[in-house]
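First the structure, in the form of structure tokens, and then the observations on it.
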Amino acid sequence: MKKQHIFIFLFVLSIQFATAQFTLDGEFKPRTEYRNGFGSLIPDAADPGFAIASRLRLNAGYQFESFKFYMSMQDVMVWGENRQLKPEDSNNSFSIFQAWADIKLGEGFSTKLGRQMLVYDDQRILGGVDWAMQARSHDAALLKYKKGKFMMDLGLAFNQDFTATTGNPGGFQSVGTAYNTTGFFSYKSMQYLYLKQQWETFSASALLLNNGFQNFTGDPAVADGVSNLFTLGTHLNYKKGAFGAAFNGYLQSGERQNSVDVGGAYLLGLDLSYKVSKGVALGLGAEIISGNDASTTDKTEAFFPLYGTNHKFNGFMDYFYVGNHANSVGLTDIHASAKFNLGKGSSLLVKVLNFSGEQELASGEKSLGTELDIVFAKKFNGYGLAVGYSQMFAADGMYELKGITEVDAASTQNWAFVQLTMKPKFLNTKPKE
């Protein structure tokens with residue numbers, strides 16, 4: 001079905017509902033970025049990157065007394081990627097980002113089936129990755145329970161490849177279940193249990209997560225078993241008056257993709273916050289993520305935060321755990337921040353982060369550098385604007401880690417962005433009494 005046909009269908013459908021609530025809303029998010037060392041150190045001989053990208057979403061929701069349905073369509077466009085008068089999208093970025101049904105089962109139970117975002121706690125392990133234009137969603141089935149201030153989610157997923165063969169056009173394979181999609185910790189199967197209890201000033205949650213990764217040895221068409229990686233941890237949050245504290249503690253064991261043994265991998269994080277006044281909030285924190293001894297190849301002690309919103313952590317320049325730094329020397333991140341409420345919907349965030357390896361590099365060096373992040377945000381009538389600037393002050397270890405000498409690297413490593421966010425509400429029809 002063509003895109004325009006889907007939009008027309010949704011519009012016509014929206015006027016038909018008289019016994020249920022129907023919502024239709026959207027999002028338009030263009031972002032301009034200047035990249036002169038974003039993600040890694042840029043060589044002095046290289047030119048900075050500069051581009052504009054937009055995310056467009058159309059979301060439809062339907063709520064009946066016994067179930068909810070939601071669908072979100074999105075397209076990610078880099079300005080200029082399509083030549084003039086080209087009839088199709090050159091990067092095939094149009095997709096169904098979410099499509100799920102949430103069915104009530106009674107006595108606090110419900111089930112949520114389909115493509116959906118899995119977002120828990122501070123999004124350290126499971127998050128929406130909304131900063132990335134494409135964001136993250138999962139094809140999963142959830143059994144949910146909620147009573148008072150207690151909740152439980154049991155999630156299950158089994159992924160399979162799309163394959164078009166003779167006699168089976170547009171379907172999945174009829175023989176075997178080998179899963180050929182790889183990269184970015186793409187999993188063949190997933191099972192998790194999430195529990196959370198909320199009290200007046202304190203909340204505690206526990207996550208038990210298992211991911212099964214398809215292994216291939218020799219012939220890439222022949223599957224060779226599944227590696228299972230188990231992640232166990234907790235998130236604790238305390239808030240009373242002007243003071244707040246949040247703790248993360250996670251362990252990983254089992255096997256990564258291609259049967260690499262994992263043992264002793266951990267993540268520990270503590271963040272403290274204090275609201276000095278109505279206009280000033282301070283933050284202080286540290287995070288330690290275990291790394292791996294480079295001399296070993298058949299096993300690792302390196303932790304990886306899997307499907308979290310990693311842009312939120314360890315600096316906005318994304319030097320660590322954003323499609324990089326897997327199975328490396330780990331990370332010790334000590335950071336301090338101040339957020340200023342400037343009035344009239346405006347705020348200014350200033351954050352300083354100091355990085356070092358959890359383990360030594362080959363040279364014995366651990367210090368990686370210091371990053372400065374500054375973000376100004378302002379809310380207008382119906383839309384928001386964010387402007388950010390970041391700079392990396394690399395230490396000797398960063399040059400070694402990123403594989404470039406200080407002489408060859410640009411003297412200034414920085415990144416800046418301007419982002420506009422609009423979320424129009426088109427329709428919100430309430431059922432007849």
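The values are calculated or read from the model by the stated rules, or taken from the named source; none is laboratory data. Source: prediction; values computed, not measured. All Cβ positions, even for glycine, are placed from backbone atoms using ideal geometry, and neighbour counts span all protein chains on display. Just so you know, the surface numbers come from the protein's heavy atoms only, side chains and all, with ligands and any DNA or RNA stripped out. Shrake-Rupley method; radii C 1.70, N 1.55, O 1.52, S 1.80 Å.
Could you list, in sequence order, all residues of the range 250-296 that are under 14 Å from residue 327 (Cα atoms), of a type outside the set (Ser, Thr, Tyr) and assigned to a loop (DSSP other than H, G, I, E, B)?
Of everything in the range 250-296, those that are under 14 Å from residue 327 (Cα atoms), of a type outside the set (Ser, Thr, Tyr) and assigned to a loop (DSSP other than H, G, I, E, B) turn out to be 257, 258, 291, 292, 293, 294.
Of 326, 281, which residue is under 25 Å from residue 130 (Cα atoms), modelled with pLDDT under 95, surrounded by fewer than 20 Cβ atoms within 10 Å (Cβ to Cβ) and not charged (D, E, K, R)?
326 is the lone residue from the list that is under 25 Å from residue 130 (Cα atoms), modelled with pLDDT under 95, surrounded by fewer than 20 Cβ atoms within 10 Å (Cβ to Cβ) and not charged (D, E, K, R).
Go through the range 353-387 and give me each residue that's open to solvent by 50 Å² or more (accessible area, probe 1.4 Å) and among the aromatic types (Phe, Trp, Tyr).
Across the range 353-387, the qualifying residues are 376, 380, 383.
Taking the condition of being farther than 24 Å from residue 267 by Cα, in a strand (DSSP E or B) and open to solvent by 50 Å² or more (accessible area, probe 1.4 Å), how many residues in the range 329-347 meet it?
4
From the set of residues in the range 119-148 that are at positive phi and either out of contact with any strand residue (DSSP E or B) (no Cβ under 7 Å at 6 or more places or on another chain) or not aliphatic (A, V, I, L, M) (or both), which is surrounded by the fewest Cβ atoms within 10 Å (Cβ to Cβ)?
Checked the range 119-148; the qualifying residue surrounded by the fewest Cβ atoms within 10 Å (Cβ to Cβ) is 148.
Would you please name the residue that is most open to solvent (accessible area, probe 1.4 Å), looking only at residues in the range 87-118 that are at pLDDT below 95 and within 24 Å of residue 33 (Cβ to Cβ)?
Checking each candidate, the answer is 92.
Taking the range 374-416 on its own, how many of its residues are farther than 24 Å from residue 291 by Cβ and either of a type in the set (Ser, Thr, Tyr) or not in a loop (DSSP other than H, G, I, E, B) (or both)?
19
Counting only residues that are more than 22 Å from the chain's Cα centre (by Cα) and of a type outside the set (D, E, K, R), how many does the range 254-282 have?
16
Looking for something among the hydrophobic types (A, V, I, L, M, F, W, C), in contact with an Asp or Glu (Cβ under 8 Å, 6 or more places away or on another chain), part of a strand (DSSP E or B) and at pLDDT 85 or above - is there at least one such residue anywhere in the range 170-190?
Looking through the range 170-190, none of the residues is among the hydrophobic types (A, V, I, L, M, F, W, C), in contact with an Asp or Glu (Cβ under 8 Å, 6 or more places away or on another chain), part of a strand (DSSP E or B) and at pLDDT 85 or above.
Out of (1) open to solvent by 30 Å² or more (accessible area, probe 1.4 Å); (2) in contact with a Lys or Arg (Cβ under 7 Å, 6 or more places away or on another chain), what's the single condition that is false for residue 76?
Unmet for residue 76, out of (1) open to solvent by 30 Å² or more (accessible area, probe 1.4 Å); (2) in contact with a Lys or Arg (Cβ under 7 Å, 6 or more places away or on another chain): (1).
Name the residues in the range 149-168 that are over 27 Å from residue 104 (Cα atoms) and either open to solvent by less than 50 Å² (accessible area, probe 1.4 Å) or modelled with pLDDT of 95 or more (or both), would you?
Residues satisfying the conditions are 161, 163, 168.
From the list 250, 266, exactly one residue is at pLDDT 95 or above, under 17 Å from residue 207 (Cβ atoms) and open to solvent by less than 20 Å² (accessible area, probe 1.4 Å). Which is it?
On inspection, the qualifying residue turns out to be 250.
Which residues, counting only those in the range 388-426, are open to solvent by 60 Å² or more (accessible area, probe 1.4 Å) and either of a type outside the set (Asp, Glu) or within 30 Å of residue 65 (Cβ to Cβ) (or both)?
389, 393, 403, 405, 407, 411, 418, 422, 423, 425, 426
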